Amino acid sequence: MLASTLYLVLLLLILIPYQPITDSLEIRLTGLKDSKKVDLLVSISKKYWRTNPPKSLGLGRRAYKLAKQLNYTEGIGDALNSLGVNYLISGNFDEAFEYLYEALQIRDSLGDQRGVSNIYHNLGVAYSNLGKIDKSIQFNLKSLDINKSLKDSLLIGKSLSNLGNNYWALGDYDKALQYYKDALVMHEKQKSKLGIAQQLNNIGLTYYAENQLKEALKYYRQALKIREEINDRYGIAYSFNNIGTIYTELKKYDKGKKYLFKGLKIARNIRSVEQSKVILSSLLRLYKAEGDYRNAFKYLLAYSELKDSLARKINSSKTSNYMNLFQKELEKKNHELVRKNNELSKKIISRQKALIALIIIGFLLLVALVIVLYSSNIHRKKTNDKLTELNASKDKFFSIIGHDLRQPFNSILGYTNLLIDEFDELSADEKKLYLNSVKNSANNSFKLLDNLLQWARLQAGRIEVNKEIIDLNYLIKSSVKLLSGIADEKNITIETNLEENLTAYADESMVAMIIRNLITNAIKFTSPGGKIKITSSSHNKSIIVSVEDNGVGMSKEDLENLFKIDVQHSALGTNKEKGTGLGLILVKEFLEKNNGKIRVVSEVGKGSAFSFSLPRRKP
């Protein structure tokens, strides 16, 4: 989650440059008419992008309406682009793609290469926001080619910055850093304060990703100073977020809260949902690191709600339609001559395919309807039996939750009462021992509540499955790095033997959770000095990942009940670690949501091997 949050910070700070607002510009509006008024409305709208998005949106709409009345084509294109960027900043991808697509058509028809490049730049940002890095790189390279032909240093700097963000997302920090430094040189040539601040911030983010916290903080502060000089409220909010995350890493939590809350206030004032989500994620990590699990849970709920809201926007059919349209536009530019020669034949083939597709879809719908009607009569009794079984499982589940929640709180209350009653008589070591027990009990309670939230949202259908081609190598190595500290405490070695280009078609967040749970489980039941092996194999339609340990193993009875919600099967680890009993259940349900399976082989005293499969590509 940290890496994705940092990447959003990069993406949302690279839109078209901002300049300070002056009241005189708005005063001039009253004395202007016709096309000049349209141009000034668009200009002022752009200047409010990062300081007052709602006002920018209103000005952009006024400009568009007036341009339409005047039949002023160039002004219509400018207004559409401004509106598209405004919606992109606010996270409304439906509207953003619609306006940017219309703007691109106008710029292309006018032969305005600078305008086309500008829209390609914005599309590069949009696809990055959607996690489509390959497509983002295509648009950014196209924009860079045009900007080089125009010999515009400022525009070249923007394209270089975008490409740096792409390689940052791919984990190639050396290449990203070089792009940022090249972009900084271009912005310094043009004396663009906003561009300079953005590149300083990007360089800081790169050092942060490489755990060079002092270097990162130095660049963050330089960026913040410039943003405050130009009143870039959008950038100021992100600088506060970035500095707050540094103080979280340095365990200076009070300072971290100060910066994060200041950033959240600005984000909410300018109504940036995406910005608010990023900062809520940072607050969640801070409170979790501080051990304030009540506030951590509070911000987890707030973050999850915003994330789900944005996911619904990103995955809407309207957004998908415009993404397809933009992809076709890019292909059109790259294959213009070929398409002209074959335009007529392609139209005929397209219509034939559409007709065949409609016939096939109609037939399949008819068959599906018959099958559903038939199945509903045949399987009615089986459905009723299944509902009865599910209700019984639900009752047993909440019985387990009640027991597991009371147990750690009883421990917390017991130790805290003992500390209060006998504080002066206890030695320092005893106090530390009891406080550590309280901490462990609180951690267990938080993990239980976290798993319970995930399970409840899954059952309620509030978790959306966002499938795409994901990099399993990256996810596995990231999880191993994240959990290496826990393994080191038990002197456990984690070995990986993974194929290159190991990819699958699944929801990235869910698969990351699956991998973390399996590795955590292996660490828990492996004795100090033990070994864990993570391997992979590829097949025609699927990949298989295995997590194998030489720990305590399981009996046949435990294996049979491992994924049953109505059977209590949580056991103590080799160092008396406690579990919630929900982790493996979530693993199985998340795999099923992604058309995957899990297989377990175990022998008492010899260890266990958990293997899961996922589709290699979209069916």
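Observations, loosely collected:
- Long-range neighbours under 6 Å by Cβ, at least six apart or interchain, first residue not assigned by TED's automatic domain parsing to the domain that holds ASN92 within the stretch 294-311, second acidic (Asp, Glu) and modelled with pLDDT under 90: ALA311/GLU464
- Taken over the stretch 37-48, the residue count meeting the criterion of being in contact (Cβ under 8 Å) with a residue 24 or more places away in the chain and either closer than 14 Å to ASP78 by Cα or surrounded by fewer than 20 Cβ atoms within 10 Å (Cβ to Cβ) (or both) is 8.
- Residue check, ARG233 basic (Lys, Arg) and within 24 Å of ILE196 (Cα to Cα): yes
- Some residue of the stretch 503-514 being farther than 20 Å from SER478 by Cβ, modelled with pLDDT under 95 and assigned by TED's automatic domain parsing to the domain that holds SER611: no
- Within the stretch 454-559, strands (runs of 3 or more DSSP E) holding 3 or more residues that are within 25 Å of the chain's Cα centre (by Cα): 467-471, 503-507, 542-549
For every residue, the table says whether it meets (1) in contact (Cβ under 8 Å) with a residue 12 or more places away in the chain; (2) surrounded by fewer than 20 Cβ atoms within 10 Å (Cβ to Cβ).
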residue: LYS132; (1), (2): yes, yes
residue: LEU163; (1), (2): yes, no
residue: ASP174; (1), (2): no, yes
residue: LYS189; (1), (2): yes, yes
residue: LEU205; (1), (2): yes, no
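- The stretch 59-86 - residue that is without any contact (Cβ under 8 Å) to a residue 12 or more places away in the chain and outside any loop (DSSP other than H, G, I, E, B) and, of those, farthest from TYR120 (Cα to Cα): GLN69
- Test: LYS214 is of a type in the set (Lys, Arg) and not assigned by TED's automatic domain parsing to the domain that holds LEU170: no
- Pairing each residue of the stretch 259-271 that is at positive phi with any residue that is part of a helix (DSSP H, G or I) and among the polar types (S, T, N, Q), provided the two are 6+ apart or on different chains, yields C-beta distances under 7 Å for ARG271/SER90.
- Filter pass, ALA223 being free of Cβ contacts under 8 Å to residues at least 40 places away in the same chain and part of a helix (DSSP H, G or I): yes
- The one condition in (1) in contact with a Gly (Cβ under 9 Å, 6 or more places away or on another chain); (2) not in a helix (DSSP H, G or I) that LYS251 fails to fulfil: (1)
- Residues of the stretch 206-243 satisfying the condition of being out of contact with any Gly (no Cβ under 6 Å at 6 or more places or on another chain) and among the small types (Gly, Ala, Ser): ALA209, ALA223, GLY235, SER239
- Unique match (being part of a helix (DSSP H, G or I), out of contact with any Lys or Arg (no Cβ under 7 Å at 6 or more places or on another chain) and more than 18 Å from MET186 (Cα to Cα)) among GLY124, GLY164: GLY124
- Residue within the stretch 284-306 that is within 14 Å of ALA237 (Cα to Cα) and either among the aliphatic types (A, V, I, L, M) or modelled with pLDDT under 90 (or both) present: no
- Assessment of the stretch 120-128 against the conditions (of a type in the set (Val, Ile, Thr), surrounded by 20 or more Cβ atoms within 10 Å (Cβ to Cβ), under 30 Å from ILE469 (Cα atoms) and within 25 Å of the chain's Cα centre (by Cα)) yields at least one matching residue.
- For the stretch 542-573, a residue qualifies if it is within 26 Å of VAL480 (Cα to Cα), at pLDDT below 85 and surrounded by 14 or more Cβ atoms within 10 Å (Cβ to Cβ), and the qualifying residues are LEU559, LEU562, PHE563, HIS569, SER570, ALA571, GLY573.
- Some residue of the stretch 494-511 being on the phi > 0 side of the Ramachandran plot and not acidic (Asp, Glu): yes
The values are calculated or read from the model by the stated rules, or taken from the named source; none is laboratory data. Since the structure is predicted, the reported quantities are computational estimates derived from the model, not experimental observations. Cβ sites come from the backbone with ideal geometry, for glycine too, and all protein chains shown count toward neighbours.
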